[in-house]
Amino acid sequence: LFLNEKIFNLIKDNKATWLFVFMFISGASFFWSQANDPKEHLYLIIKIIIVIIPLCFLEIGEKELSTLLKIYLIGTILGSLQVIYNYYFNAEFYYGIKRSYITGIDSNESAILLAIGYCLTLFYYYRSKNLLILLAAIPQIAAVFYTGSRTGFIAIIICSLMALYLFDFLKLKFSSLLIVVALAGGFFVLQMVLPAENMNRIFNTGEDLSTGEMSGRKEIWEHAFLLIPQKIVSGYGMNSFADTIEKSFMRFNAHNVFIKAQFEVGIIGLIPLLLWLISSFIKILKNHSVFKPLIITLFIVIVVSFMQLSWIYSTNLLVLILLIINIAELKETETDTDTEVSAFEIMER
């Protein structure tokens, strides 16, 4: 009875209802999957559900959320140092370039996680006006370049622009000028310090986008679009993109969450995923806490990453999105303007 009541509250709350629908359909697609080994992906789905259920039941206040964000920020600083270390001691050349990573995480995904940490750095600087906090941005930005991720580089630019707009930097002329000068100076210094091949790869992002090739992504997507209509409703089943595309194509990473979802679980899976993201963004826009500029920026960065990465089954990502939704659902007593100062004091402590 207790479990049933909790499940009922979960559905009524709608914090992650559509996410569970998507995961259920993805799990059920095991029965029609054309993947070589769908069992491995089924275990992943079960693990994700076990991890996200407690997050849906938790009611986290500003104090706990502030602590979690601080821990995440510190984690990204340590992660950026690990990326730099891995570049010189563990990373291997891939298509003529060394791309580093956080241990156990893909280079592109590592870059996005570090970009999110960079956004937290700007947020805490905005709240405290302490220049020392900006020092954390140095290893974070440098590490993104060491990953060689152009998606991560775009995320850094988005974080910077959104910070200037949402964090009121434009109203603080000194702060906005400082951020712009620091970024420009930082990129100039990085060109002299970081590996030339990584810098060339990242600064050729505009040219790659203008040609429409996007490092082979165009070919991958065109090939996927030829196969999608054949099973547009139910898709080819969990984890089938790699194995199905690989049969007639060399590069088989979807590099797009929405294309991967449509290909593997069809319209019946893509619609719940889109509804979850849309409902989550609406919750974020309705939020009035001191965290609102931060969670808007983080959510936009994550959605932009969906256009280039196919990491919808990443536990790290889903936990982060659910934490953002938890922030957006802070109770009214915690989101009043009268409590903004006390919330800031909590973060400072």
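Of Lys47/Lys283; Lys218/Lys292; Lys260/Lys283; Lys63/Lys286; Lys39/Lys292; Lys70/Lys260, which pairs sit farther than 31 Å apart, going by alpha carbon to alpha carbon? All intermediate terms of the calculation are to be shown ahead of the outcome.
Values: Lys47/Lys283 26 Å; Lys218/Lys292 35 Å; Lys260/Lys283 26 Å; Lys63/Lys286 20 Å; Lys39/Lys292 40 Å; Lys70/Lys260 33 Å.
Violating the 31 Å limit, Cα to Cα: Lys218/Lys292; Lys39/Lys292; Lys70/Lys260.
What is the local net charge at Thr147, summed over the other residues whose Cβ is closer than 12 Å to its Cβ (Lys, Arg +1; Asp, Glu -1)?
On the way: positive: Lys98, Arg99, Arg150, Arg201; negative: Asp106, Glu109.
It works out to a net charge of +2.
For segment 265-315, what is the convex hull (Cα atoms) projected area averaged across all directions, in square nanometres? Don't skip to the answer; put the middle values down first.
Details: hull surface 16.3 nm².
Taking the Cα atoms of segment 265-315, their convex hull projects to 4.1 nm² on average.
Loop only per DSSP, at most 15 neighbouring Cβ atoms within 10 Å: give me the trypsin sites (Lys or Arg not before Pro) in segment 118-160, ordered by residue number. Could you put the intermediate results ahead of the total?
Details: sites: Arg127, Lys129, Arg150; in loops: Lys129.
Sparse-neighbourhood loop trypsin sites (Lys or Arg not before Pro): Lys129.
Could you compute the net charge surrounding Leu270? Neighbours are other residues with a C-beta less than 15 Å from the C-beta of Leu270; K and R count +1, D and E count -1. Please report the intermediate quantities before stating the final value.
Numbers: positive: Lys231, Lys260; negative: Glu264.
Here the charged neighbours net out to +1.
Hey, what's segment 86-164 come to in accessible area per residue, 1.4 Å probe, Å²?
Details: 2940 Å² over 79 residues.
Here the residues of segment 86-164 average 37 Å² of exposed surface.
Sort 257-265, 287-295, 59-67, 114-122 for me by packing, meaning the mean count of neighbouring Cβ atoms within 10 Å per residue, highest on top. Please list the in-between numbers first.
Working: 257-265: 24.6, 287-295: 21.1, 59-67: 16.0, 114-122: 26.6.
Descending mean neighbour count gives 114-122, 257-265, 287-295, 59-67.
Could you tell me which chymotrypsin sites (Phe, Trp or Tyr not before Pro) in segment 10-108 are loop residues by DSSP with no more than 13 other beta carbons within 10 angstrom of their beta carbon? Before the final figure, lay out each step's value.
Details: sites: Trp18, Phe20, Phe22, Phe24, Phe30, Phe31, Trp32, Tyr43, Phe57, Tyr72, Tyr85, Tyr87, Tyr88, Phe89, Phe93, Tyr94, Tyr95, Tyr101; in loops: Tyr95, Tyr101.
Passing sites in segment 10-108 are Tyr95.
Can you work out the FRET efficiency for the pair Tyr88 and His223, with r the C-beta to C-beta distance and R0 = 30 Å, to the nearest 0.05?
0.25
Can you put Val21, Val193 in order of accessible area, largest first, using a 1.4 Å probe? Numbers along the way, then the final one.
Values: Val21 50, Val193 95 Å².
Of Val21, Val193, the descending order of accessible area is Val193, Val21.
Checking the a/c ratio against 1.5 first, then a/b against b/c, what shape does the Cα gyration tensor give for segment 49-137?
Values: a/c = 3.12, a/b = 1.38, b/c = 2.26.
Note, shape of segment 49-137 comes out oblate.
The values are calculated or read from the model by the stated rules, or taken from the named source; none is laboratory data. Quick caveat, the model's predicted, so the values are computed rather than measured. As a convention, Cβ positions derive from the backbone with ideal geometry for all residues, glycine included, and neighbour counts pool all protein chains shown. Note: areas computed on protein heavy atoms with side chains; ligands, DNA, RNA excluded. Shrake-Rupley method; radii C 1.70, N 1.55, O 1.52, S 1.80 Å.
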